[in-house]
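In what follows, a single structure is set out as structure tokens and then discussed.
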Amino acid sequence: MATLRNAIGSLVALAGVVAIVWSPFRPWYGDRRGKDYLVVDLFRADGVTGDHARLVSSLLAPMLITALVTLMGLVLRSRLLVGLTGLVILALTVLWAVRQGQAAGSLTVGARGEGLNTGVATAAVGGAALLLAALVMPGRRPRHADAFAPAPIPEPPPSAYEPIPEPPVGAYDPYGDPSGTRPPAPYDDPREPYDTQPLPAPPSVTPPPWPAPPPDTR
């Protein structure tokens, strides 16, 4: 079950990585693509500008970095890394929408490609896919979890449960008759119950040799 969940989570995460890397090459607002926006524009109070960005300073750079971190998280089976990259992508998308709204005065979605376009949706879907993959993946089991596990109790051999056979009647007794011919005692026969064995006779009472004293009549 864990292997199946890990495989499904990895496929969802890979689909999210493809969407994230592909989103800067799609139009974000109007006909302007994501790789045309400067990363520093996301942190300006007045919003994005019309300056054309290079690839290393555009939105493509953080997208590629998060994609590489996501692949590292898949190799390490780390749900934390995959989930953090999804949150970073969603945060960048929301921050860009806020700065774009400040620069344009409002955000619109036009039917003919005006306003918000497919690049924003692609980035948002990629970030959501990473979060979903982090929830599906079982994660990596820590190695130190087995260090504190109790050691298994070894089972005794089957011969330990077998009763010890009693020696036969009249067998050699190392603590008694060395010849082994001593007859068993009358109470040593296990075939006779205890209530049928004869009891020793009580000793006989003999009168004393002197006469008994007369009774006191005073």
Practice prompt. Might you check whether a residue that is touching a strand residue (DSSP E or B) at 6+ places or on another chain (Cβ under 7 Å) and either over 30 Å from GLY139 (Cα atoms) or touching a residue at least 60 places away in the same chain (Cβ under 8 Å) (or both) occurs anywhere in region 1-16?
Written response: no
Discussion item. If a residue must be in contact (Cβ under 8 Å) with a residue 12 or more places away in the chain, surrounded by fewer than 22 Cβ atoms within 10 Å (Cβ to Cβ) and out of contact with any Phe, Trp or Tyr (no Cβ under 7 Å at 6 or more places or on another chain), how many such residues does region 111-128 contain?
Written reply: 6
Discussion item. Condition first: within 18 Å of VAL98 (Cβ to Cβ) and within 45 Å of the chain's Cα centre (by Cα). Now tell me which residues in region 37-56 satisfy that.
Written reply: TYR37, LEU38, VAL39, VAL40, ASP41, LEU42, PHE43, ARG44
Worksheet entry | Residues satisfying the stated conditions in region 17-52, i.e. surrounded by 21 or more Cβ atoms within 10 Å (Cβ to Cβ) and not in a helix (DSSP H, G or I) | TRP28, TYR29, TYR37, VAL48
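None of the figures in this text is laboratory data; all of them are computed from the coordinates on show. Note that the structure is a prediction, hence the values are computed from the model and not measured. Virtual Cβ from ideal backbone geometry, glycine too; neighbours counted across all protein chains shown.
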